[in-house]
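Asks: Questions regarding the structure given below will be posed in turn.
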Amino acid sequence: MADTRRPLSPHLQVYKWQVQMLTSILHRATGIALAVGTAVIVWGVIALAAGADAYAQFAACAGSPLGLIALFGWTWAFNYHLCNGIRHLVQDAGLGYEIPQFVRASWLSIIGSVVLTLLVWGYVLSVGGVA
Amino acid sequence: MSAKDLQHPLKRARGLGSAQSGVGHWWNERVTSVALVALGVWFVVLVLRLMHADYAAAHALMARPWNAVLMICFLLVTFWHTALGLQVVIEDYVHTRWKEVSLLMLVKFFAVLGALASVLAVLRIVLGA
(Lines give C-alpha, C1' and ligand atoms only; values in the text may rest on other atoms or scores of the structure.)
Protein backbone atom coordinates (compact mmCIF):
# COMPACT_ATOMS: atom_id res chain seq x y z
CA MET A 1 0.00 0.00 0.00
CA ALA A 2 1.06 3.58 -0.52
CA ASP A 3 2.97 5.14 2.35
CA THR A 4 1.27 8.51 1.76
CA ARG A 5 -2.21 9.51 2.93
CA ARG A 6 -2.75 12.27 0.37
CA PRO A 7 -5.22 11.68 -2.47
CA LEU A 8 -3.42 10.25 -5.49
CA SER A 9 -3.85 11.52 -8.96
CA PRO A 10 -5.95 9.39 -11.30
CA HIS A 11 -9.42 10.01 -9.80
CA LEU A 12 -10.96 8.20 -12.75
CA GLN A 13 -14.34 7.86 -11.11
CA VAL A 14 -15.00 11.61 -10.86
CA TYR A 15 -14.63 12.35 -14.57
CA LYS A 16 -17.31 12.28 -17.20
CA TRP A 17 -16.20 9.70 -19.75
CA GLN A 18 -14.56 11.09 -22.88
CA VAL A 19 -12.54 9.52 -25.66
CA GLN A 20 -9.29 11.25 -24.65
CA MET A 21 -9.35 9.26 -21.40
CA LEU A 22 -9.59 6.02 -23.35
CA THR A 23 -6.71 6.91 -25.69
CA SER A 24 -4.53 7.92 -22.77
CA ILE A 25 -5.24 4.76 -20.77
CA LEU A 26 -4.83 2.55 -23.83
CA HIS A 27 -1.48 4.13 -24.65
CA ARG A 28 -0.14 3.06 -21.28
CA ALA A 29 -1.81 -0.35 -21.37
CA THR A 30 -0.53 -1.13 -24.87
CA GLY A 31 2.91 0.16 -23.88
CA ILE A 32 3.04 -2.29 -20.98
CA ALA A 33 1.74 -5.11 -23.20
CA LEU A 34 4.39 -4.36 -25.82
CA ALA A 35 7.06 -4.34 -23.11
CA VAL A 36 5.98 -7.90 -22.22
CA GLY A 37 5.98 -8.68 -25.95
CA THR A 38 9.68 -7.80 -26.23
CA ALA A 39 10.37 -11.08 -24.40
CA VAL A 40 8.78 -12.95 -27.31
CA ILE A 41 10.95 -11.01 -29.79
CA VAL A 42 14.06 -11.93 -27.78
CA TRP A 43 12.93 -15.57 -27.73
CA GLY A 44 12.36 -15.53 -31.50
CA VAL A 45 15.78 -14.07 -32.38
CA ILE A 46 17.60 -16.37 -29.98
CA ALA A 47 15.72 -19.38 -31.41
CA LEU A 48 16.66 -18.32 -34.93
CA ALA A 49 20.30 -18.10 -33.86
CA ALA A 50 20.22 -21.38 -31.91
CA GLY A 51 19.25 -23.68 -34.77
CA ALA A 52 16.44 -25.36 -36.67
CA ASP A 53 15.04 -27.30 -33.70
CA ALA A 54 14.80 -24.29 -31.41
CA TYR A 55 13.26 -22.25 -34.23
CA ALA A 56 10.71 -24.98 -34.99
CA GLN A 57 9.72 -25.00 -31.33
CA PHE A 58 9.30 -21.21 -31.36
CA ALA A 59 7.32 -21.31 -34.60
CA ALA A 60 5.05 -24.05 -33.21
CA CYS A 61 4.28 -21.96 -30.12
CA ALA A 62 3.69 -18.82 -32.17
CA GLY A 63 1.41 -20.75 -34.54
CA SER A 64 -0.64 -22.43 -31.79
CA PRO A 65 -4.14 -21.07 -31.10
CA LEU A 66 -2.93 -19.28 -27.96
CA GLY A 67 0.11 -17.96 -29.83
CA LEU A 68 -2.07 -16.62 -32.63
CA ILE A 69 -4.36 -14.84 -30.17
CA ALA A 70 -1.28 -13.27 -28.57
CA LEU A 71 0.12 -12.29 -31.97
CA PHE A 72 -3.20 -10.74 -32.99
CA GLY A 73 -3.29 -8.82 -29.70
CA TRP A 74 0.33 -7.77 -30.18
CA THR A 75 -0.49 -6.51 -33.68
CA TRP A 76 -3.31 -4.35 -32.41
CA ALA A 77 -1.28 -3.11 -29.40
CA PHE A 78 1.59 -2.21 -31.72
CA ASN A 79 -0.67 -0.46 -34.23
CA TYR A 80 -2.48 1.43 -31.50
CA HIS A 81 0.74 2.55 -29.80
CA LEU A 82 2.04 3.56 -33.25
CA CYS A 83 -1.04 5.61 -34.24
CA ASN A 84 -1.52 7.19 -30.84
CA GLY A 85 2.23 7.78 -30.53
CA ILE A 86 2.17 9.75 -33.77
CA ARG A 87 -0.80 11.72 -32.37
CA HIS A 88 1.30 12.52 -29.30
CA LEU A 89 4.27 13.60 -31.45
CA VAL A 90 1.99 15.92 -33.44
CA GLN A 91 0.68 17.38 -30.19
CA ASP A 92 4.22 17.70 -28.84
CA ALA A 93 4.86 19.89 -31.87
CA GLY A 94 2.09 22.15 -30.53
CA LEU A 95 -0.59 21.20 -33.07
CA GLY A 96 -4.16 19.98 -32.69
CA TYR A 97 -5.10 21.37 -29.28
CA GLU A 98 -8.58 22.65 -30.22
CA ILE A 99 -11.06 20.38 -28.45
CA PRO A 100 -12.80 19.14 -31.65
CA GLN A 101 -9.39 18.42 -33.23
CA PHE A 102 -8.31 16.63 -30.06
CA VAL A 103 -11.40 14.41 -30.04
CA ARG A 104 -11.13 13.72 -33.78
CA ALA A 105 -7.43 12.78 -33.49
CA SER A 106 -8.24 10.46 -30.58
CA TRP A 107 -10.88 8.61 -32.61
CA LEU A 108 -8.46 8.53 -35.53
CA SER A 109 -5.91 6.69 -33.35
CA ILE A 110 -8.46 4.08 -32.32
CA ILE A 111 -9.96 3.56 -35.77
CA GLY A 112 -6.54 3.68 -37.45
CA SER A 113 -5.21 0.96 -35.15
CA VAL A 114 -8.16 -1.33 -35.95
CA VAL A 115 -7.87 -0.70 -39.70
CA LEU A 116 -4.10 -1.38 -39.69
CA THR A 117 -4.60 -4.58 -37.67
CA LEU A 118 -7.24 -5.80 -40.12
CA LEU A 119 -4.93 -4.95 -43.04
CA VAL A 120 -2.03 -6.93 -41.53
CA TRP A 121 -4.17 -10.00 -40.74
CA GLY A 122 -6.04 -9.64 -44.02
CA TYR A 123 -2.65 -9.88 -45.72
CA VAL A 124 -1.75 -12.91 -43.57
CA LEU A 125 -4.97 -14.68 -44.59
CA SER A 126 -4.57 -13.67 -48.24
CA VAL A 127 -1.18 -15.37 -48.47
CA GLY A 128 -2.54 -18.58 -47.03
CA GLY A 129 -2.73 -18.10 -43.28
CA VAL A 130 -0.01 -18.69 -40.77
CA ALA A 131 0.89 -22.31 -41.47
CA MET B 1 11.28 27.57 7.39
CA SER B 2 11.66 28.72 10.99
CA ALA B 3 12.42 32.34 11.76
CA LYS B 4 15.64 31.36 13.52
CA ASP B 5 17.04 29.73 10.42
CA LEU B 6 19.79 31.94 9.07
CA GLN B 7 20.46 29.88 5.97
CA HIS B 8 19.66 31.50 2.67
CA PRO B 9 16.57 29.85 1.06
CA LEU B 10 18.62 29.10 -2.07
CA LYS B 11 21.17 27.20 0.01
CA ARG B 12 18.37 25.09 1.49
CA ALA B 13 16.82 24.35 -1.90
CA ARG B 14 19.97 23.38 -3.77
CA GLY B 15 20.31 19.69 -4.45
CA LEU B 16 16.83 18.90 -3.17
CA GLY B 17 14.61 19.83 -6.07
CA SER B 18 14.51 18.62 -9.64
CA ALA B 19 17.69 16.93 -10.76
CA GLN B 20 17.25 18.74 -14.10
CA SER B 21 17.05 15.45 -15.93
CA GLY B 22 13.33 15.48 -16.77
CA VAL B 23 13.76 17.16 -20.15
CA GLY B 24 16.45 14.65 -21.10
CA HIS B 25 14.10 11.76 -20.31
CA TRP B 26 11.22 13.38 -22.19
CA TRP B 27 13.37 14.17 -25.22
CA ASN B 28 14.95 10.68 -25.36
CA GLU B 29 11.48 9.17 -25.31
CA ARG B 30 10.47 11.38 -28.27
CA VAL B 31 13.63 10.67 -30.27
CA THR B 32 13.28 6.90 -29.76
CA SER B 33 9.57 7.07 -30.65
CA VAL B 34 10.31 8.83 -33.96
CA ALA B 35 12.91 6.16 -34.77
CA LEU B 36 10.43 3.41 -33.82
CA VAL B 37 7.77 4.71 -36.21
CA ALA B 38 10.09 3.70 -39.05
CA LEU B 39 11.84 0.74 -37.39
CA GLY B 40 8.60 -0.70 -35.99
CA VAL B 41 6.85 -0.70 -39.37
CA TRP B 42 9.98 -2.26 -40.90
CA PHE B 43 9.95 -4.95 -38.19
CA VAL B 44 6.31 -5.87 -38.81
CA VAL B 45 7.02 -6.20 -42.54
CA LEU B 46 10.05 -8.39 -41.73
CA VAL B 47 7.95 -10.66 -39.51
CA LEU B 48 5.35 -10.98 -42.28
CA ARG B 49 8.14 -12.03 -44.68
CA LEU B 50 9.55 -14.51 -42.13
CA MET B 51 6.18 -16.13 -41.57
CA HIS B 52 6.23 -18.50 -44.51
CA ALA B 53 9.98 -19.03 -44.62
CA ASP B 54 11.48 -22.33 -43.48
CA TYR B 55 14.41 -22.22 -41.08
CA ALA B 56 17.14 -21.83 -43.72
CA ALA B 57 15.25 -19.07 -45.55
CA ALA B 58 14.42 -17.24 -42.31
CA HIS B 59 18.05 -17.46 -41.20
CA ALA B 60 19.28 -16.19 -44.57
CA LEU B 61 16.79 -13.30 -44.56
CA MET B 62 17.90 -12.15 -41.12
CA ALA B 63 21.56 -12.59 -42.08
CA ARG B 64 21.34 -10.00 -44.87
CA PRO B 65 23.48 -7.05 -43.79
CA TRP B 66 20.77 -4.40 -43.94
CA ASN B 67 18.24 -6.59 -42.17
CA ALA B 68 20.77 -7.38 -39.44
CA VAL B 69 21.69 -3.71 -38.99
CA LEU B 70 18.07 -2.54 -38.90
CA MET B 71 17.15 -5.40 -36.55
CA ILE B 72 19.90 -4.38 -34.11
CA CYS B 73 18.74 -0.75 -34.35
CA PHE B 74 15.16 -1.86 -33.74
CA LEU B 75 16.13 -3.96 -30.71
CA LEU B 76 18.31 -1.30 -29.06
CA VAL B 77 15.81 1.52 -29.61
CA THR B 78 12.89 -0.67 -28.53
CA PHE B 79 14.50 -1.62 -25.22
CA TRP B 80 15.57 1.97 -24.60
CA HIS B 81 12.08 3.31 -25.32
CA THR B 82 10.50 0.53 -23.22
CA ALA B 83 12.71 1.29 -20.23
CA LEU B 84 11.89 5.01 -20.45
CA GLY B 85 8.16 4.33 -20.74
CA LEU B 86 7.94 1.78 -17.94
CA GLN B 87 9.93 4.14 -15.72
CA VAL B 88 7.18 6.76 -16.01
CA VAL B 89 4.45 4.19 -15.32
CA ILE B 90 6.26 2.98 -12.19
CA GLU B 91 6.97 6.52 -10.96
CA ASP B 92 3.30 7.41 -11.44
CA TYR B 93 1.68 4.44 -9.72
CA VAL B 94 4.13 2.91 -7.25
CA HIS B 95 4.11 5.12 -4.19
CA THR B 96 6.11 3.00 -1.79
CA ARG B 97 9.68 4.11 -2.18
CA TRP B 98 11.51 0.78 -1.86
CA LYS B 99 9.14 -0.93 -4.27
CA GLU B 100 9.46 1.95 -6.71
CA VAL B 101 13.27 1.92 -6.66
CA SER B 102 13.39 -1.89 -6.91
CA LEU B 103 11.05 -1.94 -9.90
CA LEU B 104 12.96 0.88 -11.61
CA MET B 105 16.16 -1.14 -11.23
CA LEU B 106 14.52 -4.37 -12.44
CA VAL B 107 13.20 -2.61 -15.55
CA LYS B 108 16.69 -1.30 -16.38
CA PHE B 109 18.32 -4.69 -15.73
CA PHE B 110 15.83 -6.55 -17.92
CA ALA B 111 16.04 -3.93 -20.68
CA VAL B 112 19.85 -4.24 -20.83
CA LEU B 113 19.66 -8.04 -20.58
CA GLY B 114 17.07 -8.27 -23.35
CA ALA B 115 18.95 -5.85 -25.59
CA LEU B 116 22.31 -7.62 -25.17
CA ALA B 117 20.88 -11.14 -25.53
CA SER B 118 18.92 -10.33 -28.67
CA VAL B 119 21.70 -8.29 -30.30
CA LEU B 120 24.16 -11.13 -29.63
CA ALA B 121 21.67 -13.52 -31.27
CA VAL B 122 21.47 -11.30 -34.38
CA LEU B 123 25.28 -11.15 -34.50
CA ARG B 124 25.45 -14.94 -34.30
CA ILE B 125 23.00 -15.18 -37.19
CA VAL B 126 24.83 -12.68 -39.38
CA LEU B 127 28.37 -13.82 -38.55
CA GLY B 128 27.46 -17.52 -38.60
CA ALA B 129 29.13 -18.43 -35.33
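Asks: Return only the number of the condition from (1) within 10 Å of another protein chain (Cβ to nearest Cβ); (2) touching a residue at least 24 places away in the same chain (Cβ under 8 Å) that residue B:54 does not satisfy.
Replies: Residue B:54 satisfies all of (1) within 10 Å of another protein chain (Cβ to nearest Cβ); (2) touching a residue at least 24 places away in the same chain (Cβ under 8 Å) except (2).
Asks: Pick from the stretch A:90-131 the residues that are in a loop (DSSP other than H, G, I, E, B) and away from chain B (no Cβ under 14 Å): which of them is surrounded by the most Cβ atoms within 10 Å (Cβ to Cβ)?
Replies: A:96
Asks: Can residue A:73 be described as of a type outside the set (Phe, Trp, Tyr) and loosely packed, with under 12 Cβ neighbours inside 10 Å?
Replies: So residue A:73 does not fit the description; no.
Asks: Related question: State which residue is modelled with the highest pLDDT when the search covers only the stretch A:5-54 and only residues that are in a loop (DSSP other than H, G, I, E, B) and either surrounded by 10 or more Cβ atoms within 10 Å (Cβ to Cβ) or of a type in the set (Phe, Trp, Tyr) (or both).
Replies: Step by step, filter the stretch A:5-54, then rank; the result is A:51.
Asks: Here's something else I'd like to know. Exactly one of (1) touching a residue at least 40 places away in the same chain (Cβ under 8 Å); (2) facing another protein chain (nearest Cβ under 10 Å) is unmet by residue B:93. Its number?
Replies: (1)
Asks: Output the residue which, of all residues in the stretch B:18-62 that are in a helix (DSSP H, G or I) and polar (S, T, N, Q), is surrounded by the fewest Cβ atoms within 10 Å (Cβ to Cβ).
Replies: B:28
Asks: Still on this structure, please answer the following. Looking at the stretch B:63-71, is at least one residue within 11 Å of chain A (Cβ to nearest Cβ), part of a helix (DSSP H, G or I), touching a Lys or Arg at 6+ places or on another chain (Cβ under 8 Å) and of a type in the set (A, V, I, L, M)?
Replies: Taking every residue of the stretch B:63-71 in turn, none turns out to be within 11 Å of chain A (Cβ to nearest Cβ), part of a helix (DSSP H, G or I), touching a Lys or Arg at 6+ places or on another chain (Cβ under 8 Å) and of a type in the set (A, V, I, L, M).
The values are calculated or read from the model by the stated rules, or taken from the named source; none is laboratory data. This is a predicted model, so every value here is computed, not measured. Positions of Cβ are generated from backbone atoms using ideal geometry, with glycine treated the same way; all protein chains shown enter the neighbour counts.
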